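What follows is one structure encoded as structure tokens, with my remarks underneath.
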Amino acid sequence: MSAAGLADWLERLESLHPAEIELGLERVAEVAARLDCLHMPCPVITVAGTNGKGSTVSALECLARASGLAVGSYTSPHILRYNERVRLDGEAVSDELLIDAFVRVEAARQAVSLTYFEFGTLAALVIFKDLAPDLVILEVGLGGRLDAVNIVDPDVAVITSISVDHEAWLGSDREVIALEKAGILRPGVPAVIAEEAPPRSLLARVAELECPLRSYDPALASRFANLPLRADNLAAAWSAADLLGFAPDPDSARERLETLVVPGRLQTLEVDGRRLVVDVSHNPAAVENLVKWLDTNIPGPCYALFAVLSDKDIHAIIRSCRERFSGWFLTELPGVGRAMPAAKVARVLEEYRCASVQLCSDPAAALATALAETSSTDTLVVFGSFYTVGGVLSSLGDERSKA
């Protein structure tokens, strides 16, 4: 398939493995060893957690680049283009780089079956091994202990806030989930914990492995308050940078982070004279944070443009935000098999007596309807999944979505 385009490769990757997710490191580590990409030629920071991973990676990337370092970053999922998952110095890599890496992974895997995520993770590692940046930052996709990213030993491990999500894979208890996240820790390797009150199981594992610990520091977090990204994640990014020697003083770091825009994370746009807030929050804890941010920064009426995947706790999500929105525009997510039907979401909203609910066929139609039926003093808030945000941003076009 060496002559195939990126879209062809991605379609093939989706069909390579019977399951979308298969946790475990044996298969992916075997192929990584053949590719000689298990060990990076530079320091590595691994970031795990339930919420805030992507923004923490972006903050680390910002601080490293400000210090003159060349940075490779791997995150997931993407919002508009697959290339967003693999960045070099803040820019998505080219189709050509990805295709070359896919060709090499395909040749190396032989009879080994890889999931879409595992294949992409190996491709990212191949790219970073070849280009040898000064720093590599890897976001864990799901959990930690058995996630494909965990084949790489970090020089610093960062764990952001932990809450209940992906229960079918990680369990429904924070203490149990924390042990999965703690799988990225290594004996004696520094750990940064972003959460103010982390689960006891996580702290016990840090102590057991004798990891030098940077725990949540309220004074440090306060230095990063009132920015578009959460202060605890920014403080964790600064601590990890400090451990590797590229952190400026906190005040200088704040100045650099003030202008950081992470697509889909409390991102504010103007569309047809209307304020739009897009946020990929998709579990109860993340939605609670979104509501807190809206309460602080958006005093006027807000309307929700919402869709969610079927494995999410829809009742907990709606309970956490039902009082904040004056109306709801629910959208289907065409082509997303895991999407919760808009009619089912509407029934939950009815159960909680939420007013003004409209159902739309797709994100673009939902945006058009919302723009037509709200006023210029209202704010539209797009959230519920990466697919919801991606669908709306895609309908706006690349340039406007980056504003």
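The values are calculated or read from the model by the stated rules, or taken from the named source; none is laboratory data. Keep in mind that what you see is a predicted model, and the values were worked out from it rather than measured. With ideal geometry, Cβ positions are generated from the backbone for all residues, glycine too; neighbour counts draw on all protein chains shown.
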Legend entry - Index of the failed condition, residue 181 passing every other in (1) in a helix (DSSP H, G or I); (2) without any contact (Cβ under 8 Å) to a residue 60 or more places away in the chain; (3) not small (Gly, Ala, Ser): (2)
Inset, instruction - For segment 310-367, name all the residues that are among the hydrophobic types (A, V, I, L, M, F, W, C) and touching a His at 6+ places or on another chain (Cβ under 9 Å). - result: 317, 348
Legend entry - Complete set of residues in segment 290-321 that are in contact with an Asp or Glu (Cβ under 9 Å, 6 or more places away or on another chain), over 26 Å from residue 232 (Cα atoms) and not small (Gly, Ala, Ser): 301, 303, 311, 315
Legend entry - Among (1) under 23 Å from residue 264 (Cβ atoms); (2) more than 16 Å from the chain's Cα centre (by Cα); (3) at pLDDT below 95, the one test that residue 145 misses: (1)
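Condition check ((1) at pLDDT 95 or above; (2) more than 19 Å from residue 285 (Cβ to Cβ); (3) among the basic types (Lys, Arg)) across all residues:
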site	(1), (2), (3)
325	yes, no, no
330	yes, yes, no
340	yes, no, no
350	yes, yes, no
368	yes, yes, no
378	yes, yes, no
390	yes, yes, no
396	no, yes, no
403	no, yes, no
Inset, instruction - State yes or no: is residue 118 buried (at least 24 other Cβ atoms within 10 Å of the Cβ), touching a residue at least 24 places away in the same chain (Cβ under 8 Å) and assigned to a helix (DSSP H, G or I)? - result: yes
Legend entry - Looking only at segment 201-234, and only at residues there that are acidic (Asp, Glu) and not in a loop (DSSP other than H, G, I, E, B), the one that is farthest from residue 160 (Cα to Cα): 208
Inset, instruction - Have a look at 133, 77 and point out the one that is within 19 Å of residue 64 (Cβ to Cβ) and not in a helix (DSSP H, G or I). - result: 133
Inset, instruction - Check 305, 266, 260 and return the single one that is under 20 Å from residue 386 (Cα atoms) and modelled with pLDDT of 95 or more. - result: 305
Legend entry - Residue that is surrounded by the fewest Cβ atoms within 10 Å (Cβ to Cβ) [pool: residues in segment 197-221 that are out of contact with any helix residue (DSSP H, G or I) (no Cβ under 7 Å at 6 or more places or on another chain) and closer than 29 Å to residue 268 by Cβ]: 219
Legend entry - Condition met for residue 12 (assigned to a helix (DSSP H, G or I), of a type in the set (D, E, K, R) and at pLDDT 95 or above): no
Legend entry - Within segment 318-359, considering residues that are closer than 20 Å to residue 278 by Cα and hydroxyl-bearing (Ser, Thr, Tyr), the one farthest from the chain's Cα centre (by Cα): 326
Inset, instruction - Name every residue in segment 83-134 that is modelled with pLDDT under 95, hydrophobic (A, V, I, L, M, F, W, C) and either closer than 19 Å to residue 152 by Cα or touching a helix residue (DSSP H, G or I) at 6+ places or on another chain (Cβ under 9 Å) (or both), in order of residue number. - result: 112, 114, 117
Inset, instruction - Being touching a residue at least 40 places away in the same chain (Cβ under 8 Å), surrounded by fewer than 22 Cβ atoms within 10 Å (Cβ to Cβ) and either charged (D, E, K, R) or over 20 Å from residue 50 (Cβ atoms) (or both) is the filter here, so list the residues in segment 275-295 that pass it. - result: 275, 277, 294
Inset, instruction - Just one of (1) under 18 Å from residue 139 (Cα atoms); (2) part of a helix (DSSP H, G or I) trips up residue 87, so point out which. - result: (2)
Inset, instruction - Could you tell me whether residue 315 is exposed (fewer than 14 other Cβ atoms within 10 Å of the Cβ), under 23 Å from the mean Cα position of the chain (by Cα) and of a type outside the set (Lys, Arg)? - result: yes
Legend entry - Selected residue (only one of 93, 31, 71 is under 25 Å from residue 224 (Cβ atoms) and β-branched (Val, Ile, Thr)): 71
Inset, instruction - Among residues belonging to segment 258-274 that are touching a helix residue (DSSP H, G or I) at 6+ places or on another chain (Cβ under 6 Å) and of a type in the set (A, V, I, L, M, F, W, C), point out the one that is surrounded by the most Cβ atoms within 10 Å (Cβ to Cβ). - result: 266
Legend entry - Flag for residue 365 being surrounded by fewer than 19 Cβ atoms within 10 Å (Cβ to Cβ), at negative phi and without any contact (Cβ under 8 Å) to a residue 12 or more places away in the chain: no
